[in-house]
Each structure stands twice: as structure tokens, then as C-alpha cells.
Amino acid sequence: MNDTNNKAQVQSNEEVVEELTRDLKSSCIEPNENSSTNVPSSDARSRDAADDDSWNIPDEEHTAESNNENAQNTDPEEVIENLLKDRDSSLTECEKETLKCEAETRKQAGNDFYKKGEYVEAISRYTEGLQTCPLVYSKERSILYANRAAAKAMCQTEKDSVISDCTKAIELNPSYVKAYVRRAQAYEESDKLDEALEDYKKVLTFDSSHKEANHAVMRLPPLIEERNEKLKMEMLGKLKDLGNMVLKPFGLSTNNFELEKNPNSEGYSVKFRQNPT
């Protein structure tokens, strides 16, 4: 496996937006005088992009200015989707179908890179697929998001980015089992055990025989309980330190108070002792 791929750095929102929007025009079908569905070569698209705004894709200067103003407060994926929405509104059904096929080709290229362990290249191809595929093809876009999440996970990308891609995949296809499983794995690796458990439970509503999900719903509850108990003890320790500060002027300490856990609930009762041992 390529060490450089495994150590890929996560880009800032501004860099992501600029990179993704830069090639949007080249992903579009340029109009042809003789045929509205002709697909010119990539070189032709590149040459003509500066002169043709028929899909109202902002030029690089305009996009850069917009990014500088909004990128810090806007999800990059939302920016791309808004641009795609503007583009798609002027496409014919035939042109959309052609772009879907192009996105499929990029997805397959991403899959090939993934199988070879070249995860950064795979992420790039899936991203190209997402900026090419029209928004109307929800299932195809869902797969691209889920595949990109898998590649990001192998690159040791920040788990929030993996979770975000899985969430987008699920929004587009609410019954996408693989996306739930991948998000659950990322949640667990982020120590978000409750969220992971909920995703595994959701998986079982689609596939009751899913081995990993069945194992997880048995494995995670004790870990969640252990974590919660540890958090309670840490909180009680901090409260004890605070209590000692407050009680010291009165000649008392928290040793004068005994905490007893209620066996019938998760709460505690407090008993006062005048002369603690």
C-alpha cells in the first residue's frame, strides 16, 4: 500500500470547494450547433468552457470570490449541489443520461483504484463522479458517497468526514445497508457508541441475519454502560472536590456524607455521618 496515500491530508473547506467547483464546467456537456446531445471531447470542453455559460456555471474568478465569502459557514457539499442544481436545470433528459454514464465510468475507475489500495486516487474519482452525476440520480449518487466514505476510512481520514459521506448516502437511499454499517463503524471508532448502536439496530430492520450488526447489538450495550458508569464516577469525583472546598470552613468534608447507589434505579441517595471513620 502506498504510504503517501495513507498519510493523505484533509483539505480545508475552502480548498475542497475550490477544487471541486474548478472542474464543474468540464464535467458538463457543451452545446453543439448540430446536435443538442453531442458530447465533445474533454479537450474541446476545456477550450470552450471560458466562452460558454449556457449552464450558468460561475467562472473561476466569480467562484473564488463566492467561496471566500461563504465557505467558512457553508458545507462544501451544499455548495457543489447548488451549482449542480443550476447546471442540471438546463440539461435535456438525454444529456443527463449521458452524464450519468460518465459518472459511472468514474465510479468504476475509483473502484479499480480502491482494489489496488490507491485510496487517494479512488477518492478523487468518486468525487469527480459526484460532480458529474446529475442530482436526479439519487441511487447512483448514494453509491458514490458510500464508496468515497469507504476510501476515506482506509486513508485514515477524519471520521467526521467519513460519517458525513455515509449520512449523505443514507439521505439519498434510506435503505442502504452498507452505508449504515460504514457509518456505524466510523461512529464506534469515534467513541460515539450510542450512535453506532442505533445504526446497527437499523441494519437489522433491513437484514435480521446481518452478522456484524447482530454481534454489535450484543457487544455495544455493556461497553456503553461501562463508559457511562465511568463518566458518572468522574463527575462524582469532581463534585466531591468542589464539596470539600465548600464544606471546609464549616469543619466538614464530603467524608461526612455517604453515597449509596439505589439498587432499583440508576440514582444515588446521600446519608450524613457526624463522625466518619
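Of note:
- Residue separation of E258 and S90 scaled by 0.36 nm, minus their Cα-Cα distance, works out to 53.2 nm of gained length.
- Lysine pairs within the range 131-251, Cα separation less than 14 Å, 8 or more sequence positions apart or different chains: 12
- In the range 142-237, the alpha-carbon atoms span a convex hull of 95 Å³ per residue.
- Chain lengthening between M218 and S175 when straightened (0.36 nm per residue, less Cα-Cα): 13.2 nm
- For the peptides 83-90, 234-241, 103-110, 128-135, residues were scored by their other Cβ atoms within 10 Å and the scores averaged per peptide; the highest-first order is 128-135, 103-110, 83-90, 234-241.
- With R₀ set to 41 Å, the beta-carbon distance separating R227 from N111 gives a calculated FRET efficiency near 0.65.
- Using a probe of 1.4 Å, the accessible surface attributed to H215 totals some 110 Å² when neighbouring protein chains are kept in position.
The values are calculated or read from the model by the stated rules, or taken from the named source; none is laboratory data. Note that the structure is a prediction, hence the values are computed from the model and not measured. Glycine also receives a Cβ, built like all others from the backbone with ideal geometry; neighbour counts cover every protein chain displayed. Surface areas here come from the heavy atoms of the whole protein model, side chains and all, with no ligands, DNA or RNA. Shrake-Rupley method; radii C 1.70, N 1.55, O 1.52, S 1.80 Å.
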